[in-house]
Every structure is written in C-alpha cells, then in structure tokens.
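So the structure is just underneath, and the comments pick up after that.
The values are calculated or read from the model by the stated rules, or taken from the named source; none is laboratory data. Keep in mind the model is a prediction, meaning the values are calculated, not measured. Heads up, the Cβs are rebuilt from the backbone with ideal geometry, glycines too, and the neighbour counts pull from every protein chain shown. Accessible surface areas use protein heavy atoms only, side chains included; no ligands, DNA or RNA. Shrake-Rupley method; radii C 1.70, N 1.55, O 1.52, S 1.80 Å.
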Amino acid sequence: MNRRTDEYGGSVSNRIRICTRVLEAVRSAVGPDFLVGIRISQSKVNDFEHKWENGEDDAKIIFKSLAAASADYIHTTEYDALRPAFEGDPLTLAALAKKYSMLPVIANGKLGDPGRAESALNEGADLIAIGTGALVNPDWVRKVKEGRPLNRFDHSFLHPIATVRDDELH
C-alpha cells in the first residue's frame, strides 16, 4: 500500500525509516533510562497472509535498523506466531527479530494456549503477549499454574473485519 516515492517509500530501508526516526525521536525525548520498544508485523489490516517481499533479507534490514535506532525491545505480532515467517525458512518472525536485532523479543499471535506459548519461548521469543486469551481469562496465569481449563474467546463479536476499499488504494 505504500506507494511513496520519497525517502519513506520504495526500498525496505526507506520504508522502515519512519519507524527508526520515530524511535530516535522518542529516545531523544525520554533519555537512555526509559524503555522504548516497537511492535511490528508483516501482515496488513486487509491481508493477514502478507509477507515481506524479500523474505529474510527484508527481515534482516528491518530488525537491524530498529536495533540501531535504540529500541530496547521488539514486539512481533503475527496471525500465528508459531508459523514460519517465510516459505522455506523454519524461523518465526520473533526468531528472526532475535537473530538480527539481538534485542529482547516479545511474540504475539495465537499464544493463549500454554503449550503454544511455551513453544514460542523455545523458538526465540523472550516473552509472549496474549490478547484475546487474557480478555476472557484475566486470571490466565493462575489457571495455567493450577491446570484449570481456559475460557475460549468468541471471535464473532469482532466482525465485520476492516478492509481497504479500492478507492483508498489510489
């Protein structure tokens, strides 16, 4: 959707520039003792299956750029955090963030099941974030510790899904 031709469009280095400049500005404003992180995803509001065009090469540029911009952590979010980030590459987006940034990484995306959360931690994430699972289980940690069943999230109330109209693409 980014069809810009200025310094913020075109190459992946240009497209990540807005994020790095914001990180640098925030860091400058809050100083070195305040934690500053960034949440990033490949998917789009209208395309949950979208992948970065150049796969791991893009991930390398993106995550190295975010680390160089003084982020303290990276929070990755995917539709399914345990799926490989790219076809033919077994690494998840969180694992790629860790590999190229060397920063702490928070993974998010269908990790409300304790087994899936543990898998994410074993595959490169330092922390996991749960959204819908925590909404319906505000006592998630206690339930998991005690081996109690978790409430399931009913996604039907989230509909309709946001889409981008054809006239918004131009």
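A few comments on the model shown:
- Residues in region 1-48 that are among the aromatic types (Phe, Trp, Tyr) and open to solvent by 70 Å² or more (accessible area, probe 1.4 Å): Phe34, Phe48.
- Residues of region 73-90 that are closer than 13 Å to Arg39 by Cβ and open to solvent by 70 Å² or more (accessible area, probe 1.4 Å): Tyr73 alone.
- Selection within region 147-161 - surrounded by fewer than 10 Cβ atoms within 10 Å (Cβ to Cβ) and at pLDDT 95 or above: Gly147, Pro149
- Checking each residue in region 92-115 for being assigned to a helix (DSSP H, G or I) and open to solvent by 70 Å² or more (accessible area, probe 1.4 Å) picks out only Lys99.
- Scope region 116-127; condition open to solvent by 50 Å² or more (accessible area, probe 1.4 Å) and out of contact with any Phe, Trp or Tyr (no Cβ under 9 Å at 6 or more places or on another chain); matching residues: Arg116, Glu118, Leu121, Asn122, Glu123
- Given (1) without any contact (Cβ under 8 Å) to a residue 40 or more places away in the chain; (2) surrounded by 13 or more Cβ atoms within 10 Å (Cβ to Cβ); (3) not in a helix (DSSP H, G or I), index of the condition Ser70 fails: (1)
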